[in-house]
């Protein structure tokens, strides 16, 4: 939970996590996600890379496209869901 | 007015009373009406629970006593604490939703001021309605827009590969992602259309080996998968969803099972999977067409190679082992798939450039004269004209054209140096020299041993050959499969 709390301190990461918690079926590019969360593309991209490293997002990568999706790990999804419920 | 209408109006009023538009209205009225308070009442003059309580005034009751339920105009009156109150109706269309009551006024406001407040309240109400409509639109459109964007992204991800195995695996992984399921299987019908062959089976819990029973073929008409393949009708249950892959006919099925959060699959998800299946079919068909095209291209190249071989065996083409070495180096160097395919084409016709070189020069055992070398350079480019009209060979042409270039720039036909020589040509140069050294040719003396050939190639690293290619060649040539086929000790 501490790690999640830390992630939520970054505004882009926070918006991304809120977005995927609400839309777990979504797969989109950094540009697309930045549009949905209403945040700067470069900062969104940076946060996306970080969240991939943390195994919270999955990067579906091809030569021409990099798309991001929410993890299928039940435990991580539950933890984030719980954290969001607490802060609301 | 029935109960549901009443409830709907009350809900509307509660939302309105809490809206940012109403908050601005309250602030403004507080200023212009000498710090009066403002309360929202329902159509029956009851204070909303969300509104502040002003205990000493029973305004609702007072107004109710006045039987003003259908009052559509403003009303000013004195309340029990001897101050003035002003009520304005909240009207939507032709019905009254409630009232706004200003209390603690010192005097009755001027009629012009009341009209202005009334107008401002209408504007506030309209603004709130607009907010509500936008909110509704946002709630209905946004999830669909996100789903649409997801499908578009999936289309991009699927159309970026033409390799069938990679594509099927990718479809399965994306299905797991979009359906939030733990299991996905993709099955394609065999040629007779009687059986479904599993092409990808993914379970998030564990890796499934190809020997697992889930990789068993299923007869069409049997089990959920078989029935969907037979009827073309989708299947939806609590724990599974299965859709057919339909082009003109049914070509297979996608099935997803068990959601990660243990919830039930719903119609929206069925719709999403059906759309994903449509994208998948297009990608599968493209990959199948590409494979067919590739097969035809290989067929044409092999026919041409056989034709050249009939003229002079082993002059224009090389052994299968040569092709294997070339491809092994390329794969070890992690060249893109497209480059490897072109290199494969080139490796099947490496010496087409010799086609119009006189045979006495080709078979000469000693060193070449300057004149003979000039003939080779000229004829090499001339000969390539016989394949330049084959469109699919165009990307392979530079590899065939430049594989006689040397890394130090002293080769032919153009004397290109280092990285200016295409990577495929640099790879073929190493394999070509290796094969020439270890094979016996009628015009050549005795063949060189494998170990000696490797040493010779290593010796020319950086001068004749690209050092990175040579290092890779030395790595792959020591692999057991080459040790065996070359049947020679490799140190």
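Pick from B:314, B:261: which is assigned to a loop (DSSP other than H, G, I, E, B), away from every other protein chain (no Cβ under 14 Å) and at pLDDT below 95?
Numbers: B:261 fails: away from every other protein chain (no Cβ under 14 Å).
Answer to the selection: B:314.
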Any idea which residue in the range B:1-22 is nearest to residue B:91 (Cα to Cα), counting only those that are at pLDDT 85 or above and exposed (fewer than 13 other Cβ atoms within 10 Å of the Cβ)?
B:11
Which numbered condition residue B:198 misses (of (1) in contact with a helix residue (DSSP H, G or I) (Cβ under 9 Å, 6 or more places away or on another chain); (2) touching a residue at least 24 places away in the same chain (Cβ under 8 Å); (3) not in a helix (DSSP H, G or I))
(2)
Examine the range B:94-106 for a residue that is loosely packed, with under 14 Cβ neighbours inside 10 Å, farther than 16 Å from residue B:42 by Cα and in contact (Cβ under 8 Å) with a residue 40 or more places away in the chain, and state whether such a residue exists.
yes
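Residues B:249, B:165, B:266, B:212: which one is within 14 Å of chain A (Cβ to nearest Cβ) and either out of contact with any strand residue (DSSP E or B) (no Cβ under 6 Å at 6 or more places or on another chain) or farther than 17 Å from residue A:58 by Cβ (or both)?
Details: B:249 fails: within 14 Å of chain A (Cβ to nearest Cβ); B:165 fails: within 14 Å of chain A (Cβ to nearest Cβ); B:212 fails: within 14 Å of chain A (Cβ to nearest Cβ).
The match here is B:266.
Within the range B:180-191, is there a residue that is within 14 Å of chain A (Cβ to nearest Cβ), part of a helix (DSSP H, G or I) and at pLDDT 90 or above? Quick ask: steps written out before the conclusion?
Step one: list which residues in the range B:180-191 are within 14 Å of chain A (Cβ to nearest Cβ), which gives B:180-184.
Subset that is part of a helix (DSSP H, G or I): none.
No, the range B:180-191 has no match at all.
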May I ask you to say which residue of A:18, A:48 is within 14 Å of chain B (Cβ to nearest Cβ), touching a strand residue (DSSP E or B) at 6+ places or on another chain (Cβ under 6 Å), buried (at least 16 other Cβ atoms within 10 Å of the Cβ) and not in a loop (DSSP other than H, G, I, E, B)?
A:48
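Considering only residues that are out of contact with any helix residue (DSSP H, G or I) (no Cβ under 8 Å at 6 or more places or on another chain) and farther than 18 Å from residue B:246 by Cα, look in the range B:168-179 and name the one that is farthest from the other protein chains (Cβ to nearest Cβ). Break it down into steps so the answer makes sense when it comes.
To start, the set of residues in the range B:168-179 that are out of contact with any helix residue (DSSP H, G or I) (no Cβ under 8 Å at 6 or more places or on another chain) comprises B:169, B:172-173, B:176-177.
Of the ones still in play, those that are also farther than 18 Å from residue B:246 by Cα are B:169, B:173, B:176-177.
On the way: B:169: 11, B:173: 7, B:176: 7, B:177: 5 Å.
Among them, the one singled out is B:169.
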Looking across the range B:108-154 at residues that are touching a strand residue (DSSP E or B) at 6+ places or on another chain (Cβ under 6 Å) and more than 19 Å from residue B:42 (Cα to Cα), the single one that is farthest from the other protein chains (Cβ to nearest Cβ) is B:108
Tell me, which residue of the range B:192-209 that is within 11 Å of chain A (Cβ to nearest Cβ) and under 21 Å from residue A:67 (Cβ atoms) is nearest to the chain's Cα centre (by Cα)?
B:202
Considering only the range A:69-80, state which residues are in a helix (DSSP H, G or I) and either without any contact (Cβ under 8 Å) to a residue 40 or more places away in the chain or within 9 Å of chain B (Cβ to nearest Cβ) (or both).
A:74, A:75, A:76, A:77, A:78
Determine which single condition residue B:59 fails, assuming it passes every other condition in (1) modelled with pLDDT of 60 or more; (2) in contact with a strand residue (DSSP E or B) (Cβ under 7 Å, 6 or more places away or on another chain).
(1)
Of all the residues that make up the range B:238-260, how many are closer than 23 Å to residue B:204 by Cβ and surrounded by fewer than 13 Cβ atoms within 10 Å (Cβ to Cβ)?
1
Looking at the range A:52-68, can you tell me whether even one residue there is more than 13 Å from chain B (Cβ to nearest Cβ), at pLDDT 95 or above, buried (at least 16 other Cβ atoms within 10 Å of the Cβ) and part of a helix (DSSP H, G or I)?
yes
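Residues that are under 21 Å from residue B:263 (Cβ atoms), within 9 Å of chain B (Cβ to nearest Cβ) and either modelled with pLDDT of 95 or more or touching a strand residue (DSSP E or B) at 6+ places or on another chain (Cβ under 8 Å) (or both): does the range A:27-40 have at least one? Write out each step before concluding.
Within the range A:27-40, the first condition is being under 21 Å from residue B:263 (Cβ atoms), and the residues that meet it are A:27.
If we keep only those that are within 9 Å of chain B (Cβ to nearest Cβ) as well, we get A:27.
Subsequent filtering for residues that are either modelled with pLDDT of 95 or more or touching a strand residue (DSSP E or B) at 6+ places or on another chain (Cβ under 8 Å) (or both) retains A:27.
Yes, the range A:27-40 contains at least one residue that is under 21 Å from residue B:263 (Cβ atoms), within 9 Å of chain B (Cβ to nearest Cβ) and either modelled with pLDDT of 95 or more or touching a strand residue (DSSP E or B) at 6+ places or on another chain (Cβ under 8 Å) (or both).
Keeping to the range B:208-256, report how many residues are part of a strand (DSSP E or B), free of Cβ contacts under 8 Å to residues at least 40 places away in the same chain and under 19 Å from residue B:271 (Cβ atoms). Steps first, please.
From the range B:208-256, those part of a strand (DSSP E or B) are B:218-219, B:235-236, B:240-246, B:250-256; that's our starting set.
Cutting the leftovers down to free of Cβ contacts under 8 Å to residues at least 40 places away in the same chain gives us B:218-219, B:235-236, B:240, B:242-244, B:246.
Next, only the ones that are under 19 Å from residue B:271 (Cβ atoms) stay: B:235-236, B:240, B:242-244, B:246.
Final tally of qualifying residues: 7.
The values are calculated or read from the model by the stated rules, or taken from the named source; none is laboratory data. Quantities reported herein were computed from a predicted structural model and do not represent experimental measurements. Neighbour counts run over all protein chains shown; Cβ positions are idealised from the backbone, glycine included.
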